[in-house]
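Asker: Quick one: the structure is below, questions incoming.
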Amino acid sequence: MTGKAESRPSGSLRRSLEILVDRDGPLTRAAVLTDGRLTDLYIDHAERPSLLGHVFLGKVERIATGLDGAFVDLGDGVSGLLSGGDVRGPKGRPRGRDERIGTLLRTGQPVLVQVKTDAVGPKGPSLTMDITLPGRFLVHAPLGRDVAVSKRLGSGPERAELARRIQGIASGSGWIVRAGAAAADDGLLAAESDALHLAWRTLSAAAERGPVPAHLLPGPDAPRRALIEHGAADVERIIVDDAALARDLAAWCADRAPDLEDRIAPHDPRPLAAMIGGSTVGAKRLFDLRDLDAEIAALLGIRVPLDGGGSLVIERTEAMTVVDVNAGERGNPLDVNLEAAVEIARQLRLRNVGGIVVVDFVNMRNRGDAERLLNALSRAVEDDPAQTQVYGLSKLGLVEMTRARRGTALADLLARPA
């Protein structure tokens, strides 16, 4: 299922959105299907747990002046790096421009920190004191004082009006307004802000009690990440192939997303197989019926065929990810590149690629075609939950991109133990 997907402008034709959740051995998986096509994938591996988003009451081990940071003991033999730009002063105030890190932190000091990137190789996790608690419509940044509105939301006046609306609804202070908030009713926004603010108060109270170090709050698991990132859209169904997971998600929705609670359904292979024209024979599991296991396995390969012919070759190195676009026997480079741009954006999301990405598209002689391609690629990545930036063409004709690291890359998560 690596065929061509059309890039629709935001707010155009209504799209069908489903979230499928299952548990497969040590894996807990949540697949997001848009118009029946896999567009996002969230996986937890019980034997390779991620710390992304977890909150700890840590203890400063030592100040690393040369790195302008500090190493923080998180407990259980794990330490992370708190960089200077992520340090807060007393009572959560931002670090002053000329303040030395040694004046804000001392060895042995307890610090409330959140993991912002997982450990990579020999490097431990990176930490921040800017705690954020994500929701479908809002992100609570309790150490902030303002209401910040997503850049994806309209013009200046529209953004200012939405900020005023949130100020009148949300509990506490320090809010980031996500794109889905514009269409949400006040009741849902108020309920989410109350739940997030309560979570912060509970977290703060636990931090005051100690002990140090201590793990205070886990990050959202794979099904919750899927609901947080996509639950603001019009989700038609949330099908769960595990009774315990279904009950757990229903309880979470009752508290955080009451409008989604009645859309959670246990997996029954009989009506689902009939609905998609399939058979229950030899295909009892949810991911089997949608052929998702085969598609996930294909994501571990380096070659991705394009519907109209040609292919992508995706290879990771330690420093970056390199994508080569092959035209095959197709004659129009622009057509190949435009299709490739949409598929590249999809593959980066599904594979959870982070860091520098370099793309070698099929050569085009027309400068206008190059501009059209860059615009298409920028549109293709604009809905990515991870911040993705397209920088343009290098002097060698390569397109340079970056994508924020969010957890462990799929290839590393599913790799067999050495």
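Asker: With every protein chain present, what accessible area does E261 have (1.4 Å probe, heavy atoms only), rounded to the nearest 10 Å²?
Answerer: 80
Asker: At 1.306 mPa s and 10 °C, plugging the Kirkwood radius over alpha-carbon pairs of region 328-385 into Stokes-Einstein gives what diffusion coefficient in µm²/s?
Answerer: 131
Asker: Once you sort the root eigenvalues of the Cα gyration tensor of region 120-270 as a ≥ b ≥ c, which label holds: rounded (a/c under 1.5), prolate (a/b larger than b/c) or oblate (the other case)?
Answerer: Judged from the Cα gyration tensor, region 120-270 comes out oblate (a/c at least 1.5, b/c at or above a/b).
Asker: Now for a different question. For the modelled label position 7 Å from the Cα of D234 along Cα-to-Cβ, which residues of region 349-386 have backbone nitrogen atoms closer than 17 Å?
Answerer: none
Asker: Another one. Do you know the relative contact order of the chain, to the nearest whole percent, from alpha carbon pairs under 8 angstrom that are 6+ apart? Before the final figure, lay out the partial values.
Answerer: Numbers: 764 pairs, mean separation 65.9, N = 418.
Relative contact order here is 16 percent.
Asker: Right, here's the next one. Using a probe of 1.4 angstrom, how much of the accessible area of the chain is carbon and sulfur, in percent?
Answerer: 51
Asker: Taking N as the number of residues in region 167-237, what value does Rg over Cα atoms divided by 2.2 N^0.38 Å take?
Answerer: Rounded to two decimals, the normalised Rg is 1.32.
Asker: I would also like to ask the following. Sorted by mean Cβ packing within 10 Å, highest first, what order do the peptides 27-34, 388-395, 181-188 take? Provide the component values of the computation, followed by the final result.
Answerer: Details: 27-34: 21.2, 388-395: 14.0, 181-188: 15.6.
Packing proxy ranking, top to bottom: 27-34, 181-188, 388-395.
Asker: For a Förster distance of 25 Å, can you work out the FRET efficiency between the beta-carbons of E371 and R330, rounded to the nearest 0.05?
Answerer: 0.75
Asker: Which whole-number value in Å² is the accessible area per residue of the chain, probe 1.4 Å?
Answerer: 50
Asker: Under unit Cβ charges (Lys, Arg +1; Asp, Glu -1), what dipole magnitude, rounded to 20 debye, does the chain have relative to its Cα centre?
Answerer: 1080
Asker: Can you tally the net charge around P26? Count Lys and Arg as +1, Asp and Glu as -1, for every other residue whose Cβ sits under 14 Å from the Cβ of P26.
Answerer: Overall, the nearby charge balance is -2.
Asker: Using only helices, what value at 222 nm comes out for the chain when you add -39,500 (n - 2.57) per DSSP H run of length 4 or more and divide by the total residues, to the nearest 500 deg cm²/dmol?
Answerer: Rounded to the nearest 500, it is -9000 deg cm²/dmol.
Asker: With N denoting the number of residues in region 306-418, provide Rg(C-alpha) divided by 2.2 N^0.38 Å, to two decimal places.
Answerer: Cα-based Rg divided by the globular estimate yields 1.06.
Asker: Quick one: which of 297-305, 162-170 comes out on top by average Cβ neighbours within 10 Å, and what's the full order, highest first?
Answerer: The peptides rank, most packed first, as 162-170, 297-305.
Asker: Which of [x] 20.3, 65; [y] 21.0, 73; [z] 22.6, 68 is the computed Rg and Dmax of the Cα atoms in Å for the structure on display?
Answerer: Answer label, from the structure shown: [z].
Asker: Then there is this: Using 1/(1 + (r/R0)^6) with R0 = 35 angstrom and r between the beta carbons of R416 and D307, what's the FRET efficiency to the nearest 0.05?
Answerer: The calculated FRET efficiency here is 0.70.
Asker: Set Lys and Arg Cβ to +1 and Asp and Glu Cβ to -1, take the dipole of the chain about its Cα centre, and tell me which of L51, S173, I356 lies farthest positive.
Answerer: Farthest towards the positive pole: S173.
Asker: Further question on the same structure: Filter the cross-link list K91/K116; K151/K395; K116/K151; K59/K151; K116/K284 down to pairs whose alpha-carbon distance in this structure exceeds 28 Å.
Answerer: Check vs 28 Å cut-off fails for K151/K395; K59/K151; K116/K284.
Asker: How far is the Cα center of region 130-181 from the Cα center of region 189-215, in Å?
Answerer: Cα centroid to Cα centroid, the span is 19 Å.
The values are calculated or read from the model by the stated rules, or taken from the named source; none is laboratory data. Everything numeric in this text was worked out from a predicted model, so none of it was measured. Using ideal geometry, Cβ is built from the backbone for each residue, glycine included, and neighbour counts are taken over all protein chains shown. Ligands, DNA and RNA are stripped out before the accessible areas are found, and what is left, the full protein with its side chains, is counted by its heavy atoms. Shrake-Rupley method; radii C 1.70, N 1.55, O 1.52, S 1.80 Å.
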